[in-house]
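*Asks:* Below are the structure tokens for one structure; questions will follow.
The values are calculated or read from the model by the stated rules, or taken from the named source; none is laboratory data. In this text the structure is predicted, and so the values were computed from the model without any measurement. All Cβ positions, even for glycine, are placed from backbone atoms using ideal geometry, and neighbour counts span all protein chains on display. Heavy atoms of the whole protein, side chains included, go into the accessibility calculation; ligands, DNA and RNA do not. Shrake-Rupley method; radii C 1.70, N 1.55, O 1.52, S 1.80 Å.
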Amino acid sequence: MTASVDVKASPDRLYGRHRGHPLRPRQQRLLDLTLPRLRFPPSAMTDPASAFARPPREIWLEVGFGGGEHSLAHNRAHPDVGYIACEVFENGLCSLLSRLVPDDQEGDAPIPDMLRIWDEDARILLRELPDASIDRAFLMFPDPWPKARHAKRRFVHPNTVRMMARILKPGAIWRVASDDPTYQAWVEEVMGAQTLFRTAPPVLERPEGWPPTRYEAKALKAGRQPFYWTFVRN
């Protein structure tokens, strides 16, 4: 990592909302009964494959899954992949969980055996997972924190780039997407100043194999142009 990006170290606290509108009874049941059954256990930090019901062919990690569309699409399309989906926003957690279990069966309906949820700060995982333990990573339309004084809060940050590189296997890909012009320029600057990943210019159409998200649809409807990057771990 070169020193050309002058930015404060990312703080050891999580910014942003954990909850939006008040939770409905169904949402509270999902958090109380379904989430614990799907939660990635801290005991699996040293051996992430042990978190899943059967040995995974690969392990993929998504940071900030939002409404869960992207995570669920990958889980269904790649049933032999162990998928760790990270999100702290309660309404986003409920959005994904509501797709997994029927109403009034939150505590006993079958759950996906190859999907696990991390509902704490994703940086904890990046710090604790073993070296070269993740085969693919995703960061889809993260919070841009557009003000310059908030740059340290952006997930694409020199510190987190180093942490992501540590847990990814050589040759693993990290997919990043953003529709915010400030964040797009920031990603180009940060990733252009490092040597841990091979970089390429972003493409302007969602590549094949990238499931759509509600945030992408919202951006396109508003006339904002998403950028899609694929970074490859050296």
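*Asks:* Based on the inverse mean of 1/r over its pairs of different Cα atoms, what is the Kirkwood hydrodynamic radius of the chain, in Å?
*Replies:* Value: 18.3 Å, from the Cα pair sum.
*Asks:* Given Cα pairs under 8 Å that are at least 6 residues apart, what percent is the relative contact order of the range 86-222?
*Replies:* 23 percent
*Asks:* Under a 1.4 Å probe, what is the accessible area of the range 144-206 per residue, stated in Å²?
*Replies:* Value for the range 144-206: 44 Å² per residue.
*Asks:* Can you give the translational diffusion coefficient of the range 116-164 in µm²/s, computed by Stokes-Einstein from the Kirkwood radius over Cα pairs at 37 °C and 0.692 mPa s?
*Replies:* Calculated translational D: 266 µm²/s.
*Asks:* Any of 169/221; 152/218; 169/218 with alpha carbons more than 28 Å apart? Name them for me.
*Replies:* 169/221; 169/218
*Asks:* Can you give the convex hull volume per residue for the Cα atoms of the range 39-145, as a whole number of Å³?
*Replies:* About 106 Å³ per residue, rounded to a whole number.
*Asks:* For the range 82-205, which whole percent of the accessible surface, found with a 1.4 angstrom probe, sits on carbon and sulfur atoms?
*Replies:* Carbon and sulfur: 50 percent of the exposed surface of the range 82-205.
*Asks:* Among the trypsin sites (Lys or Arg not before Pro) in the range 127-234, which ones are in a DSSP loop with at most 12 other Cβ atoms within 10 Å of the Cβ? Mind listing them?
*Replies:* When the trypsin sites (Lys or Arg not before Pro) of the range 127-234 are filtered for loop state and at most 12 Cβ neighbours within 10 Å, 147 remain.
*Asks:* A follow-up question, please. Counting DSSP beta bridges with both partners in the chain, what percentage is antiparallel, nearest 5?
*Replies:* Rounded to the nearest five, the antiparallel share is 30 percent.
*Asks:* For the chain, what does the helix formula give at 222 nm: sum of -39500 (n - 2.57) over DSSP H segments with n ≥ 4, over the residue count, nearest 500 deg cm²/dmol?
*Replies:* Value at 222 nm, helices only, nearest 500: -7500 deg cm²/dmol.
*Asks:* A further question follows. Which of 223, 92, 67 moves the most in a Gaussian network model of the chain with Cα springs under 10 Å?
*Replies:* For the chain, modelled as a Gaussian network with Cα springs under 10 Å, the answer is 223.
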